[in-house]
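Okay, so here's the structure we're looking at.
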Amino acid sequence: MKNRLWLTWMLVGMLVLSACAPQTPAPPAAPPNGEMLAPVESIEVLLLESTPAQVNVIVEGMMPDACTKAGPITQRREGEVFFVEIAMTRSDDEVCAQVLTPYEEAVSLDVEELPVGTYTVDVNGTREVFTLTTDDLPPIEE
């Protein structure tokens, strides 16, 4: 009987102590696609003088360390807004200097058959507006 009472108090004590132990915080949630987006400091829209029209976006930012690179770049258009996402990639087994490292990426927007108008580019949340002054529509045959 004495052993059972001692065992019961020991289990209760362990439960109390485990409830008081510091908890490890959960890591921050990643975007739905599982990739982290690259930080963007500035974007510049370049309208090239060409036929058909060409629009490039120069993206600049700082990576959190020397081993992190700009990863896959995706784009989609919803109405007059181009959404560009630049992910970050880094190998898990690399040892890196923990210094902010600048990066620059040039992204060519898909403006094929886009009419004259004002458009917005959103790169990882940083926005810039541009105006397309030349139709990129094919000529109408009569």
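A short reminder: the numbers here are calculations on the coordinates, not readings from a lab. Nothing here was measured: the structure is a model prediction, and the numbers come from that model. Please note: Cβ atoms are built from the backbone with ideal geometry, for glycine as well, and neighbour counts cover all protein chains shown.
What do the square roots of 5 times the Cα gyration tensor eigenvalues come to for the range 42-132, in whole Å, largest first, as semi-axes of the equivalent ellipsoid?
Gyration-tensor ellipsoid for the range 42-132: 30, 12, 11 Å.
Quick check on packing: order 110-121, 89-100 by the mean number of other C-beta atoms within 10 Å, highest mean leading.
Top of the packing list down: 110-121, 89-100.
So what are the ³J(HN,Hα) numbers for the range 51-56, from phi and the Karplus equation (6.51, -1.76, 1.60; θ = phi - 60°), rounded to whole Hz, Gly and Pro as x?
For the range 51-56, the Karplus-derived couplings read 10, x, 4, 9, 10, 10 Hz, x marking Gly and Pro.
Note down the magnitude of the dipole of the range 53-142 about its Cα centre, charges +1 on Lys and Arg C-beta and -1 on Asp and Glu C-beta and zero elsewhere, to the nearest 20 debye.
Its charge dipole is roughly 400 debye.
In whole Hz and in residue order, list the ³J(HN,Hα) couplings for the range 120-131 that follow from phi through the Karplus curve 6.51 cos²θ - 1.76 cosθ + 1.60, θ = phi - 60°; x for Gly and Pro.
For the range 120-131, the Karplus curve yields 10, 10, 10, 10, 6, x, 8, 10, 8, 10, 9, 10 Hz.
Please label the shape of the range 46-94 as rounded, prolate or oblate, based on the square roots a ≥ b ≥ c of the eigenvalues of the alpha-carbon gyration tensor (a/c under 1.5 means rounded; beyond that, a/b larger than b/c means prolate, else oblate).
Note, shape of the range 46-94 comes out prolate.
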